[in-house]
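Novice: Here you go, one structure.
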Amino acid sequence: MTRNERAVDVLVVGAGPAGLGAGAELAASGAGRVEILERELDAGGVPRHCHHSGFGGRLRGGDTGPDYARQCVRAAVRAGAVLRTGVTVTGWVNATTAGSAADGPADAPSPAGAHVLDVTGPAGLERITARAVVLATGARERPRSARLIPGGRPSGVYTTGELQQAVHLYGQPVGSRAVVIGNEPVGHAAADTLRTAGVEVVAMVTDQPPSPVAALLRLQGRCPLLTRATVIGLSGRARLTGVTLRHEDGRTLTVPCDTVVLTGDFVPDHELARRGGLTLDPGTRGPAYDPEYRTSRPGVFAVGNLLHGVERAGVASSEGRAAAAPVLRHLAGTVPPARRPVPLAVDAPLLWIAPNRTGPAGARPLRGRFVLRTARRLDHPVLVVTQDGRELDRQRLLLPAVPGRPFHLGAGWLERADPHGGTVRITAV
Amino acid sequence: MTPTVTTSGDLPGGATYDVTVIGGGVVGAAVARELAKYPLRTALVEARDDIGEGTSKANTAILHTGFDAVPGSLEARLVREGQRLLAGYATGSGIPVERVGALLVAWDEEQRALLPGLLAKAERNGYHAGRLLGAEELYGREPRLGPGALGALEIPDESIICPWTTPLAYATQAVRAGVHLHLGCRVLSIESGPYSGSDTGSGAAGGRHTLTTSRGPLHTRYLVNAAGLYADEIDRRMGLDTFTVTPRRGELMVFDKLARDLVRHILLPVPTAAGKGVLVAPTVFGNVLLGPTSEELDDKTDTDSSADGLHFLQEKGRRILPELLDEEVTAVYAGLRAATGQEDYRIQAHPDRRCVTVGGIRSTGLTASMAIAAHVTGLLDGIGLDLGTPRELPAVTMPNLGEAFPRPYLRADLIGRDPAYGTIVCHCERVTLGEIRDALSATVPPGSPDGLRRRTRAGGGRCQGFACGPAVRALFEGARP
């Protein structure tokens, strides 16, 4: 055996805000040896390269991303969590499939139910046995290939994550004229990064219709916003020369540029979750989970943007902290009596809901509400909750539901859901 | 001996080359490697900045048995011989190969009726391990196959191979044995005239070619035209006009590694009058490939993918392996086959020109490359090049990019010796700092981040650089002189 075998109480995979939050709270609560593994050489996750402010829970002002990342790291280390960077979990040794969605989160931890993971780092190979695992592997933006944008394969095509690292961490030259695809907050962050790097943002593009309110609030006039438009091609062989857009009405337009940033369209980094046989939620594509952050595999929890691509860093951090209590209950063997989890599902144009399983009696999601996304704008929608044809609740939203931004559904109806019933459906009317 | 690899500036002067190979694709590199066995002064010139930058980098990465070649054709013979040669060479040099086998799946009665004929054709091509499978056995072998398949022809020896390591291994071995590799060296014109120099071992054939290249003149006694898509143009520069290359574009989609367990074999279409169809195949990197399309073009640089092509592939893929379409797409690319209007290779010696043209090498070129190289060397001998006595080349060991063999991040021995092999830079593909450093200082170093990706897989994974792009670029830039 060339692997160094070790045992910990809790292994947290990923040291972004969610993983660091979980590690901090667990270590502070006496969970035993809590080890956080981060594959990057620096901990802190995506905020490390988000130089805009607004982190730390405040809407205006607040910290910059790097400051926030450092605070998260400090808090975890100060609480006594062991943070190891440059260390990658490469797989599960006991990757038993936990079964179908209907089985859902189970209980009754036992020493035999410990999890064994293989790890690679500069110090060598390890095999770590953990009594509980918290997955906090985050999310990423879909690259050009996954978006099936045809055309050449020139340089100058970025996601926001790559762009921010290139500019803020590596000081690399980017280009001179850029088009930003996406009008969500992350798209505006990309535009800011481009301007910082001296790149002219010639247009932002969204497939959504114009929103008069957003136009008033948002950085008006800084660059044209092209609405109801999608990218249908990239031109250029060595370097990007243009982006071809198609308007909903069929007209096409090629915008000359040497840089394009594909923003948003987040997908969970769910490789480890899937390799571990966790049941995925078909909407989020992250692990299916209940209000106690329990996945379909006993003793494996999940937090942060792995569960929902993406919420703000502060939400991810809060989830990490909130997961500590159920993890401690698992370690102590005091999990509430097993209850069959009921899946939650949404109807179009809603995209997903999180959490997406019911948990033990009395369990409530963070801040007592579920988070949702929609594919298209809904003005003051009513969210109707039904189970087996029976209406459980009906909630009117005060604000429009907008693509790329969270809106919420209160969890008060959970008591009315039949634990022996079918899928709970959420429909916008 | 100091390896000679030049990438910019004027070509080094010096004695006239005995042989110059034009084209650093898999065929040209294989020819250069074969010539490296002989006491000859050989040059390999490539217009682009790397080996295998043209058609060779964008194919279906299959090591064919040649079961479906046209019996009696040159291609049939060279694919059959080349498959054996390359399979052996790959084992010795670390080129990943997996013998997963192929199933030609019949989706309707017409296709099923063609299978016995294909089996008979395989026999005529000297391939005797083919076997017909009924639907039940087929679904037992490929449980995720879409509904409606009627049966299959199994070709157990069809294999998958790394298309990038292969030409690189050839070039590395050739350069280490003394072949000069000149990259970024486009041949603009060719003058052929008498030669009276005395700086070579063989004065038998009088006459030499003067190549005017983008990097200055180059003199050579013999030429091998392995210019792929541009072989017709190079021929014309010598006054030869035997064929025209029409690029035939093939678009391909690479699916995420999480799709790998969906498929066990190379799933080949049954060729019908309507065309060769679309295949689904695992890759040695642990992904799943879907493609190619087939479309005749005029533009030899048009490696764009198209909305129609991708839509077509999705439709085909959904039929073959429905769950594949639920997975993320990691990469989309297009390659250009060098079609010449003839369903066979066009390999021809021109004795009066002291030249061998290697044309019309399409999708089987990777498989046949070593046999083509031996064949071309024989033709050079036949037109007066005194080869001299061959020697065995020192073996080459290429870094392993294949998932079926232990990669550095899983090797405690390597990491123990050098922690850089435990420092993962590209997380999707688990490429370590040690591997990137090795590639940057290799005998044939990459000319671009793309070249680095083909040597290490860095940046080629599902996130396409979201996580590691700038770090990999910084390492590449840091290694530039």
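Derivation of every value follows stated rules applied to the coordinates shown; laboratory data play no part. All values reported here derive from a predicted model rather than from experimental measurement. Virtual Cβ from ideal backbone geometry, glycine too; neighbours counted across all protein chains shown.
Novice: Can you report the principal axis dimensions of the stretch B:367-481 using only the alpha carbons, biggest first, rounded to whole angstrom?
Specialist: 55, 29, 29
Novice: Do any trypsin sites (Lys or Arg not before Pro) in the stretch B:360-453 lie in a DSSP loop with no more than 13 other beta carbon atoms within 10 Å, and if so, which?
Specialist: Those that pass, being in a loop and sparsely packed, are B:R391.
Novice: Taking amide H positions as placed in the peptide plane 1.01 Å from N, state which residues far from A:V134 in sequence (5 or more) or on other chains have amide H under 5 Å from it.
Specialist: Excluding prolines and chain starts, which carry no amide H, the hits are A:L11, A:V12, A:V13, A:F301.
Novice: Any aspartates and glutamates with Cα under 17 Å of the B:K57 Cα? List them, leaving off those in the same chain fewer than 8 positions away.
Specialist: Straight-line reach from B:K57, under 17 Å: B:E46, B:D49, B:E251, B:D302, B:D304, B:D450.
Novice: Here's something else I'd like to know. State, as an integer percentage, the relative contact order of chain B based on alpha-carbon contacts under 8 Å between residues 6 or more apart.
Specialist: 22 percent
Novice: Oh, and also: Roughly how compact is the stretch A:257-340, stated as its Cα Rg over 2.2 N^0.38 Å to two decimals?
Specialist: Normalised Cα radius of gyration, the stretch A:257-340: 1.29.
Novice: Report the Stokes-Einstein translational diffusion coefficient (µm² s⁻¹, integer) for the stretch A:129-275, Rh taken as the Kirkwood radius over Cα pairs, at 37 °C with viscosity 0.692 mPa s.
Specialist: After rounding, the answer is 202 µm²/s.
Novice: Averaging sequence separations of C-alpha pairs under 8 Å and six or more residues apart, then dividing by the length of chain A, give the relative contact order as a whole percent.
Specialist: This gives 17 percent for chain A.
Novice: Grab the Cα-Cα distance for A:T254 and A:T241, subtract it from 0.36 nm times how many residues apart they are, and report the gain in nm with one decimal.
Specialist: 3.7 nm
Novice: As an exercise, take the mean of 1/r over every pair of distinct alpha carbons in chain A, invert it, and state the Kirkwood radius in angstroms.
Specialist: 22.6 Å
Novice: Further question: Note the angle between two axes, namely the Cα long axis of helix A:65-79 and the longest principal axis of the Cα atoms of chain A, as a number of degrees from 0 to 90, rounded to the nearest 10.
Specialist: Helix A:65-79 sits roughly 10 degrees off the main axis of chain A.
Novice: Under a point-charge model restricted to the Cβ atoms of Lys and Arg (+1) and Asp and Glu (-1), what is the dipole moment magnitude of the protein assembly as shown relative to its Cα centre, in debye to the nearest 20?
Specialist: The dipole of the protein assembly as shown has a size of about 1880 debye.
Novice: Can I ask one more? Can you pull a Stokes-Einstein diffusion coefficient for the stretch B:414-463 at 4 °C (1.567 mPa s), Rh from Kirkwood over Cα pairs, as a whole number of µm²/s?
Specialist: 119 µm²/s
Novice: While we're looking at this one, here's another question. Dividing the alpha-carbon Rg of the stretch A:209-315 by 2.2 N^0.38 Å yields what?
Specialist: Rg over 2.2 N^0.38 Å, computed on Cα atoms: 1.51.
Novice: Once the stretch B:230-288 is represented by equal point scatterers at the alpha-carbon sites, with solvent omitted, what log10 I(q)/I(0) does the Debye formula produce at q = 0.16, 0.26, 0.28 Å⁻¹?
Specialist: One equal scatterer on each Cα of the stretch B:230-288 leads to -0.70, -1.03, -1.10.
Novice: If you wrap a convex hull around the C-alpha atoms of chain B and split its volume per residue, what is the figure in Å³?
Specialist: 142 Å³
Novice: Sticking with this structure for a sec: Based only on Cα atoms, what mean projected area does the convex hull of the stretch A:301-429 have, in nm²?
Specialist: Average of the hull's projected areas for the stretch A:301-429 equals 7.7 nm².
Novice: Could you give P(r) for the protein assembly as shown, binned at 10 Å from zero, as whole percent values over all Cα-Cα pairs?
Specialist: 2, 11, 20, 22, 20, 13, 7, 3, 1, 0
Novice: Something else now. For the stretch B:29-98, what are Rg and Dmax over the alpha carbons, in angstrom?
Specialist: 14.3, 38
Novice: Note the direction-averaged projected area, equal to a quarter of the hull surface, for the Cα convex hull of the stretch B:1-129, in nm².
Specialist: 11.1 nm²
Novice: Which Rg and Dmax, in Å, describe the Cα atoms of the stretch B:357-419?
Specialist: Calculated on Cα positions, Rg and Dmax stand at 19.2, 54 Å.
Novice: Answer rounded, prolate or oblate for the stretch B:138-279, using the Cα gyration tensor with square roots of eigenvalues a ≥ b ≥ c: rounded when a/c is under 1.5, else prolate when a/b is larger than b/c, else oblate.
Specialist: Note, shape of the stretch B:138-279 comes out prolate.
Novice: Which lysines, if any, have their Cα less than 22 Å from the Cα of B:K121, not counting same-chain residues under 8 positions apart?
Specialist: Within reach: B:K276.
Novice: In nm, to one decimal, how far is the modelled label at B:F405 from the one at A:Y170, with both set 7 Å along Cα→Cβ?
Specialist: 2.8 nm
Novice: Using packing as a proxy for protection, rank A:180-192, B:25-37 so that the peptide with the highest average count of other Cβ atoms within 10 Å comes first.
Specialist: B:25-37, A:180-192
Novice: Name the residues whose placed amide hydrogens come within less than 5 Å of the amide hydrogen of B:V21, ignoring near sequence neighbours (fewer than 5 apart) on the same chain.
Specialist: B:A43, B:L44, B:V45, B:V224
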